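Novice: Below you will find the structure I want to go over with you.
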């Protein structure tokens, strides 16, 4: 909490509560504070899963507050809406001047506000921690020889699968896995031989029987020119 803001000391807590509820807080002339969610993280070495948290991000380009901010402040303090507008504007003006003088402002639950080398406002945010979100203990469990339901093609089968089974399946000869392909090749070859034998039997067993026996009449083409005498 900034010590020099005795008049506005309660505003820090009110605006912080507004930010938690609406996840965005715009202050006129300063910028906007956005809440950014940090997902849960797994710590395998300590066997825990850290809960998700929030981090506040500052954007100085957006500084137009929403009307809901003034309604919220007026409701919390018990004043008129126009008085809340003046109060928020005065708070933002004094806070900006305080930062431009080179002072830092510690905002509880959000982080540290200060002015950069070029005069821009910088927020050194800290993750927001919630008491109702605690790390969960998570220990990896490896079940050997466990029964699993898997899908093979359009069927669901069960079985015990171990690393030895997988190694044995991977070392299986390629021709054993393609046994059905060879079976179809043999069947098609046998059918072709049967057709040839039937044809040879019906026409007699000779080389000529395998040839086309239909005669072709060759006609002489008419003359296309005449030789003058």
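Novice: Can you put 66, 199 in order, fewest other beta carbons within 10 Å first?
Specialist: Ascending number of Cβ neighbours within 10 Å: 199, 66.
Novice: What Rg and what Dmax come out for region 9-137 when only alpha-carbon atoms are used, in angstroms?
Specialist: Radius of gyration, then largest Cα-Cα span, for region 9-137: 16.7, 55 Å.
Novice: Compute the label zone of residue 67 within region 82-114: residues whose backbone N is under 12 Å from the point 7 Å along Cα-to-Cβ.
Specialist: none
Novice: What does the highest-first list of 85-95, 39-49 look like by mean Cβ count within 10 Å?
Specialist: 85-95, 39-49
Novice: Quote the FRET efficiency, to the nearest 0.05, computed for residue 41 versus residue 124 with a Förster distance R0 of 25 Å and r equal to the Cβ-Cβ distance.
Specialist: Taking R0 as 25 Å, the efficiency between residue 41 and residue 124 is 0.70.
Novice: In nm, give the distance between the simple-model label positions of residue 114 and residue 144, each being 7 Å from the Cα along the Cα-to-Cβ direction.
Specialist: Rounded to a tenth, the inter-label distance reads 5.7 nm.
Novice: Between residue 154 and residue 48, what is the label-to-label distance in nm when each label sits 7 Å out along the Cα-to-Cβ direction?
Specialist: 5.2
Laboratory data are not the source of any read-out in this text; all were calculated from the coordinates shown. Worth saying up front: this structure is predicted, and the values here are computed from it rather than measured. Methodologically, a virtual Cβ is constructed for each residue, glycine included, from the backbone with ideal geometry; neighbour enumeration extends over all protein chains shown.
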